[in-house]
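One structure is given below, encoded as structure tokens.
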């Protein structure tokens, strides 16, 4: 596994993270055992369907988990600092200044009763109390220009409802980046936008990433977006990480049946016209009563007996590419045996 | 905007006209007249008095007469008070006392109510929230005279800090209990309303954004959530301010405050027609003006509201 090499360059290290929600109906293990590294300058996609825990995992990093959600195990290390042991005040100072987050719906993510300028300046002044209002205003306008908004002087005085969805998401990005964070978590930032605007926002994020060299965690259920922007991908299913690897490996040699299923159910431009999308059969896991073994086993076309009994361990299937599937375990064993025989 | 205000003012005049007419006929429909009491004066005296105040004419004639005077700004004179006090003067003399107590009452009600509502919403489900909800439910379900009487019982009398009668002293102490009693219901109502709308506001996406920006709790609650949560409270406040300022008659009665509210109720039992009409019109105008102010304030609180578009 690669996690012990190049440790110094890691911006973020997440190890065996567990997040649970203690609901009246019982414990829901929203995230169980996620591990990954994110380097400075790297864009990682977290892919999964609704309820797979991908957003909760990100909230845990930001300290934004809402009660009854709790981190119950594992560690999060950000630039060598333990995030989970930070106090409330320390987390408040951490959020927005060193790690920022933008959300899915730009229509509702900005406060409707304050101007764009007010909300941008506030984000800056929350972390830099010494900066004057004028200076903060200037910085805010620079940020707006940077995210491709024109007429900034006028925009500063406008209210969110006076801007389009795409424009608001640009404002959200400007607000996220105004304190020059090292990490940007984007929780489905393009899902609520129409396709042309989606492309623009992705383009913007790519170019900003190149300028600022920040790490980005891109949460999405859209593999097309992943292919567009990510260096590596973490595929989540039912709170577990089922596969992780460089973006090309995930697309060209997926090593988990769920990833394969996701790829087959994605529309492609180069597909023949008669080719149909193949949905993944079955329904997502009931998170209150998760299955014993691999959570995907009940829907998996290759499921074996062992899959229903025990969660598979992670197997390295390539450089920085690992997967949690008994098929891969089997292959690995066969390979080993083959070597031994030869 | 000017057009909108003009439209509202015209509507207001129409409303006042309607209220005045309705009150006039309803008032005349109540049996009895101002001159009846335990010892009835001779019929000839009553006839003379009726003639003096124009009560011998038919109701429609009286109505036209009253409306004519009203348009010319004349509210008439009180039939029951000695020397025939003009109604306008009664109002200007009585209103300040009521308004002063009312203003203090509504001010503390808003400040404490909003604060408690915020605390309640922020600590939703915790002990503080439960306790505050019990208090506010009690406050809403308890009639004003119960609150006033309880306060009298507990805090007035010999050796206790507050006077029983409002008029018995000129110290500031005389204001404490009436203001407490008068403001308790609105305070509880505002606390509940704030809690509900605050919970709604705190669940909004922009609160998540504010947290992600690294704002502290105080700023998130008081800046981002409260302004959005305040609109329903504002709606309630408009007419409530008018009602409270013109005098809670129960509280004025319990503490013997010479205010407009108490006088209004007295006028009804006395069939002091011009006073009933005058105070009703005054109260109605006040409510209408407060509503107009509230509507204009919506725009200040929430920039999305477009006043000119609504019908």
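Here, each number is a calculation from the coordinates, and none is a lab measurement. Being a predicted model, the structure only gives us computed values, none of them experimental. So basically every Cβ, Gly included, is an ideal-geometry build from the backbone, and we count neighbours across all protein chains shown.
Annotations
- Spherically averaged projected area in nm², based on the convex hull that wraps the Cα atoms of the range B:229-298: 5.2 nm²
- Using R0 = 45 Å, the C-beta based FRET efficiency linking residue A:337 and residue A:91 works out to 0.35.
- Using alpha-carbon coordinates, inclination of helix B:127-141 to the longest axis of chain B, degrees: 10 degrees
- Treating each Cα of chain B as an identical point scatterer and summing with the Debye formula, the log10 of I(q)/I(0) at q = 0.07, 0.14, 0.15 Å⁻¹ comes to -0.38, -1.15, -1.23.
- Within chain A, antiparallel bridges make up roughly 65 percent of the DSSP beta bridges whose residues both belong there.
- Alpha carbon centroid spacing (whole Å) that separates the range B:1-23 from the range B:28-46: 36 Å
- Within the listed set A:205, A:214, A:304, the residue fluctuating most in the Gaussian network model of chain A (springs between alpha-carbon atoms under 10 angstrom) is A:304.
- Cβ crowding within 10 Å ranks B:141, B:98 as B:141, B:98, fewest other Cβ atoms first.
- Among A:243, B:205, sorting on how many other beta-carbon atoms sit within 10 Å of each Cβ, with the fewest leading, yields B:205, A:243.
- Above 32 Å, the calculated P(r) of chain A contains 34 percent of its Cα-Cα pairs.
- Once C-alpha pairs closer than 8 Å and six or more residues apart are averaged by separation and normalised to the residue number of chain A, the relative contact order reads 19 percent.
- For peptide A:89-99, the mean count of partner chain Cβ atoms within 10 Å of a residue's Cβ comes to 3.
- With Cα atoms, 0 to 90° folded angle of helix B:273-301 axis to chain B main axis: 20 degrees
- Order of A:294, B:156, B:179 under a 10 Å beta carbon neighbour criterion, fewest first: B:156, B:179, A:294
- Based on the convex hull around the alpha carbon atoms, the protein assembly as shown presents an average projected area of 43.2 nm².
- Per-residue average of Cβ from other chains inside 10 Å of B:198-208: 3
- Shielding by other protein chains, A:191-201, mean Cβ within 10 Å: 0
- Label-point separation, residue A:308 to residue B:296 (7 Å along Cα→Cβ), nm: 7.4 nm
- Based on Cα contacts under 8 Å between residues 6+ apart, the range B:49-88 shows a relative contact order of 25 percent.
- Taking only the C-alpha atoms of the range B:168-239, the Rg (one decimal) and the largest Cα-Cα distance, Dmax (whole number), read 17.2, 58 Å.
- Across the range B:98-273, C-alpha contacts under 8 Å between residues 6 or more apart give a mean separation that, scaled by the residue count, equals a relative contact order of 35 percent.
- Diffusion constant of the range A:233-276 at 4 °C, which comes from Stokes-Einstein with the Kirkwood Cα-pair radius and 1.567 mPa s, µm²/s: 114 µm²/s
- MRE, 222 nm, helices only [DSSP H, n ≥ 4, -39500 (n - 2.57), over chain A, to nearest 500]: -10000 deg cm²/dmol
- Packing rank of A:155-166, B:265-276, where each peptide gets the mean count of other beta carbons within 10 Å, highest leading: B:265-276, A:155-166
- Between A:30, A:332, A:60, the residue with the greatest mean-square fluctuation in the GNM of chain A (Cα pairs under 10 Å linked by springs) is A:332.
- For chain B, modelled as a GNM whose springs connect Cα atoms under 10 angstrom apart, the maximal fluctuation among B:46, B:79, B:19 occurs at B:46.
- Where N is the number of residues in the range A:259-342, Cα Rg divided by 2.2 N^0.38 Å: 1.36
- The range B:173-285: radius of gyration over Cα atoms, expressed as a fraction of 2.2 N^0.38 Å: 1.52
- Cα pair distances in the range B:98-273, grouped into 10 Å bins until the bin that holds the longest one, percent each: 10, 32, 29, 18, 8, 3, 0
- Rounded to the nearest whole angstrom, the semi-axes of the ellipsoid equivalent to the range A:1-125, taken from the Cα gyration tensor as √(5λ), stand at 25, 21, 15, largest first.
- Part-to-part distance (alpha-carbon centres) for the range B:87-121 and the range A:29-77, which is given in Å: 51 Å
- Efficiency of FRET between residue A:269 and residue B:21 - r from beta-carbon atoms, R0 60 angstrom, step 0.05: 0.25
- The range B:249-311-the range A:134-152 distance, computed between alpha-carbon centres (Å): 48 Å
- Helix axis angle, B:59-71 relative to chain B longest principal axis, alpha carbon, degrees: 60 degrees
- The share of alpha-carbon pairs in the range A:147-275 lying farther apart than 17 Å comes to 64%.
- Remark: the range A:59-164 is approximated by an ellipsoid whose semi-axes, taken from the C-alpha gyration tensor as √(5λ), come to 30, 17, 12 Å, largest first.
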